Every structure is written in C-alpha cells, then in structure tokens.
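For reference, the structure discussed in these notes is given below.
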Amino acid sequence: MATLTHQKALGAFYTTDNVARFLVDWAIRSTADSVLDPSCGDGVFLAAAQERLASLGAQNIDAYGIDYDARVAATTKAAFPSARVIPEDFFSVAPEQLKLFTAVVGNPPFVRYQSFAGTMRDGGLHCAARMGVKLPRLTSSWAPFLVHAAAFVQPGGRLAMVVPAELGHAQYAHEVLRFLAREFGKIKICMFRKKLFPDLSEDTHLLLAEERGAACTWLSVSAFESIEAAISEGGPSIPVDLPSLNAGRIRLSHYLLPLRARSLYQVLAEEEGVVRLSDHVDVGIGYVTGCNEFFHLTVDEIACERIPRRYLRPAVPSLNGHRGTIFRYSDWKQLRKQGEKAYLLALPNSREDTLVAPIRAYLTRGKKEAIHKRFKCRVRVPWYSVPHIREADAFLSYMAGGAPKLVLNPRHLVAPNTLHLVRFVNKRLGRRLVAGWYSSLTRLSCEMEGHALGGGLLKLEPTEAERVVVALAAERDANLLLAELDQTLRVSTPEKAQDIVDEQVLRKMFGRTATECAVLRDAAAFLQDWRLHR
C-alpha cells in the first residue's frame, strides 16, 4: 500500500467503494460494455466493474486499467487477473494504441500546477490540445487528464469520473466544460455537502457524461447531502444555462440555490447603481515576504534585535478580529499593544555589508534558519529585500469563514498577501462602495463569485473579487452610513449592519421589499452553510 506522502506526490487519493460503485453502476449498462479506468490505482473501479458486469450476466469481462505507478499496477494486475492492467503514464497512451470503450470510469490524479511539471505536464497539455482544448501551463493535472480520458470513449459511450470542485470555478475549467458540452449529449454533475474525500483538502464532484458524439441538449446539477443519499434517494436535476456557463458568467454552485434567488440576483446585478468591483477598483495581492514569521516583527522583537525604525513599516497582518468598516490608526496600535507582528521589515535593495550592524546580525540569524533558501527569498536579489510593498485605499479579506470584509485604510498601512489591496479608480466612489458592501446582495455575491476551500473557508481570488456586485450607497448618505456601520460592527453583529444597509440602500434606494432582502440573505446563509458543514 502506498504511503500518504507517496499518494500525494502522484495525486492519488483512492476512491471509496461506494463512490466507485455509484459511478460504475451508472456507466455500465449491458453485458457488452467495455470498461477503462485510466488511473486504476488499487483497482476499486475494476472491482466494481467486475461486480456490475457479473450482476448483469456477463460471461467475459472486458476491463482495462492504466496506472503510472508500476508497483501499484503490478499489485492490481495480480488482484484482477481477468483485467488488462498497463503500467504507463496515461498521457503517453493514445486511443489508437488501445481501443475505444463504452464506459470510461475513474478518479483522475490531482496534482496542482506547482507540481504538475516537466514531461508529464507537456504530455498532458499536448493530449488536451489534440482534442481542441488549449489549457494554460498553470493547470492542475486533472483537467488534461479528463479531456484525454474522454478521447477513449466510443461514440454513444459514457464518461463517469470524480472531478475536483475546480471544475465549477477555475478559469481554465471553463475550457474543460466547453469541451465536455461539445463531446457529450447529456451531462450531469453531482455535488455533495459531505465530502467524498475527507483527507483531501479539495472538494470533489462526480461527473456523469453520456452520448458521446451527440449535440449537448442537457447539462444539469444535482445536490446531495452525501454519496449514500445519491445512491439511495436520487434527486432532482437542475438544468444549467449552457450559454451563460460557457461564457463564464455563472458557476455550478449557483445552481445550489432556488430559482427565485438566482433570478433576483441576476436582475439586481443589472440594475443601474449596482456595480461590479472591477468597474471602479483594482484588486491585487499584498506583498510576498517568503517568510512572514521572519519579516514581520513585534515591538518586543524590534527592541531585542535593535532594529532601527527607518527599516520598519506599520503593517496589517490580517483582518481577523477587526470589527468596523475603517482600519484606524488606533486599531493598528491596539494590534501592536497585543503583541501582534505589526511591523514589516522593509529593507532597501542594497548590499548586506552596507546595512547597519543590528540588521546584519538579524539577517545572519535568518540565514542560520535557512530563510534565504525559501522559494520566494532565493529567487530575489537580495533575498532580504521584500518587493512590491504598496499602499492601498482599502483591505479586502482573501479568505474568510463568514462574510468577507472590505475595510477602508485611511492611514495607508501596508499588508501582505494574506489580504487583498483595493485601490479606488474613483476616490469619490470609495466610501459608497464600502458602505454598500455590507448589504445582503453583496454578501450573496461573495458566496457566488468566490469558491470554497476544502476546510470550508471562502476564498476570493482577485479576479473573483472584481466580479462581486455592490449596490452603491447614495453619495449624500455615504459618510453618515459608513460611520454608522463602523460603530455598529464594533459593538454589535454583522447581521445588524446588514439590516441597516438593506434598509437604507436596497429598500429605500432600489425599491426592494423586505421579502426580497430576506431571499438574498437566506441564499447567502445557505451557501455559507453548504461550504462550512462538510
């Protein structure tokens, strides 16, 4: 059995029996079906295929498996002598070298782009390109693997695969979805509240695609509590608007919501006075130190190391614990008083021997701890000079358990890449944006435009954040509303602040009813609950 470390290196997370049976039972429909598992691992799909075919009365079982790990392939071959198991890199195997199958089932390796490199990546991108899918080099392995797997499905055949949740939100995944819609007549994507792979940080869906070669007439999403619920209960399929999905305007997670909430959101997003962040702001990441623990300092560490103040910049490490719509200098001083690492060591781009003795001593200690060998440090010269230290008009949460925060930064404090930096194109609109941010509309928009990490945190990449919609507060009311929200958030709850913005912005300015505000609020709460309770 492979170790967990070895599995991670190969992107191999072995599928449970119930997931394999669910996919195989759907894909295999007659005794004449032939089956391929292109990443067969320990053979769980081959076992399910043999069981399924035997239950249908098959006398001969036509099953193939391919696995990159020769040791695993040999073990699987010994366990399933009736199957043909090939110890090869799947990307090196072409359909014409093997054959086409009525059913291709499996669980693609999930190797993130940082590790998906070299000849394997080149082979994967080449296989995808052969099928007309151009993927960027910063692509995780599952995407070209899924495209290549589809090439082994015969006309009229079926593809049943585990897929990461990235299928529903990653930019390059749009190309994969468009490809699937070109290749298969019917597609169903099953989403689960309870994680299919508890040990894997990535959430996963199940892809069911059939009728290869037919024009796509049906793409749907089905939501289930667990794989057991999908097996025993089935469930309704919600049709997906293919043109909007192909254009990248919506995501699969949108279809977890009832039609009323989706429709209301789409109508509001098009109203005059409702803007996307990209219309008026630039969102970017903060500086990257390579080791925040070393480059951020507390007051006591500064005193102990005798670091001169001219090399320090007041910094905001995160918005955790911050309450309010404005990050005041008094808030930063409170962080400093509490012993937070509230200073950035901002050294000039100059030779080490020109720096003062306390700095040289601190850098020597850093080299003893191999800080200079960490990736972001070793690729810059000099390793100790943090680049791209920028000021911002506001900070935006990068990852959040609850609602992401948008907080004004009037003292122009700096922040690392644990936060997004927001710069207003139109400074006059800045306060109107921040005030409007705390409505139920924007709360829902964050859930719809961001994506969940495996642990349930909501992550907003810069491009995702720029798609978030905000109902602008009235210009004449913005300052008073912002002050009221700041005070409310400091002494009360985010829900109370949301009540205030819904009343003063969505209802008074945009004429929305209390019921419509409740629909938006309930939809946001549902999506938050879905990602947190997995």
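No value in this document is a laboratory result; all are computed from the given coordinates. Being a predicted model, the structure only gives us computed values, none of them experimental. Methodologically, a virtual Cβ is constructed for each residue, glycine included, from the backbone with ideal geometry; neighbour enumeration extends over all protein chains shown.
Of note:
- Convex hull volume per residue in cubic angstrom - Cα atoms of region 247-337: 206
- Counting only alpha carbon atoms, the long axis of helix 173-183 and the longest principal axis of the chain meet at about 30°.
- Taking 20 Å as the cut-off, the amide N atoms of region 338-381 that come nearer than this to a point 7 Å along the Cα-to-beta-carbon line of R306 belong to 345-348, 352-368.
- The dipole here belongs to region 98-216: it is taken about the Cα centre, uses +1 on the Cβ of Lys and Arg and -1 on the Cβ of Asp and Glu, and is about 140 debye.
- Label-reachable residues, region 313-354, where backbone N falls under 18 Å from a point 7 Å from E391's Cα toward its Cβ: 313-317, 326-333, 343-347
- Fraction of beta bridges assigned by DSSP in the chain that are antiparallel (%, nearest 5): 60
- Considering only Cα atoms, the convex hull volume of region 289-389 works out to 109 Å³ per residue.
- Rounded to 10°, Cα long-axis angle of helix 70-79 versus longest principal axis of the chain: 40
- Taking N as its residue count, the alpha carbon Rg of region 340-438 over 2.2 N^0.38 Å: 1.39
- Hull shadow area, averaged, region 162-278 [alpha-carbon convex hull, nm²]: 8.6
- Across all C-alpha atoms in region 136-222, the radius of gyration and Dmax reach 12.7, 38 Å.
- Divided by 2.2 N^0.38 Å, where N counts the residues, the Cα radius of gyration of region 56-107 comes to 1.19.
- Extension gain, R423 back to K376 (0.36 nm per residue minus Cα-Cα distance, nm): 14.4 nm
- In degrees, nearest ten, helix 514-532 long axis to first principal axis of the chain (Cα): 70
- Helices in the chain, meaning DSSP H runs of at least 4 residues, each add -39500 (n - 2.57). Divided by all residues, the mean residue ellipticity at 222 nm is -11000 deg cm²/dmol.
- Listed from fewest to most Cβ neighbours within 10 Å, the set K405, K188, K99 follows the order K99, K188, K405.
- Signed unit charges on C-beta, dipole axis of region 290-443, positive-most listed residue H322, G436, F294: G436
- Put a dot 7 Å past the Cα of E96, heading toward its Cβ, do the same for E293, and the two dots end up 5.4 nm apart.
- Computed about the Cα centre, the dipole magnitude for the chain is approximately 1960 debye when only Lys and Arg (+1) and Asp and Glu (-1) carry charge, each at its Cβ.
- Candidates S385, G450, L520 compared by Cα position along the dipole of region 383-534: farthest toward the positive end lies S385, with charges placed on Cβ.
- Listed values [x] 38; [y] 28; [z] 21, entry calculated as percent of Cα pairs over 44 Å apart: [y]
- J(HN,Hα) series, region 207-215, from Karplus relation 6.51 cos²θ - 1.76 cosθ + 1.60, nearest Hz, glycine and proline x: 9, 10, 10, 9, 6, 4, x, 8, 5
- For region 4-256, the dipole from Cβ point charges (+1 on Lys and Arg, -1 on Asp and Glu) about the Cα centre works out to 520 debye, to the nearest 20.
- Each label point was placed 7 Å from the Cα along the Cα-to-Cβ direction; for R507 and S492 their separation is 1.2 nm.
- Using the Cβ-Cβ distance between Q171 and K337 with R0 set to 30 Å, the FRET efficiency works out to roughly 0.10.
- Of the residues Q334, G511, A473, the one whose Cα sits farthest toward the positive end of the charge dipole of the chain, with +1 on the Cβ of Lys and Arg and -1 on the Cβ of Asp and Glu, is Q334.
- Convex hull volume per residue in cubic angstrom - Cα atoms of region 4-256: 117
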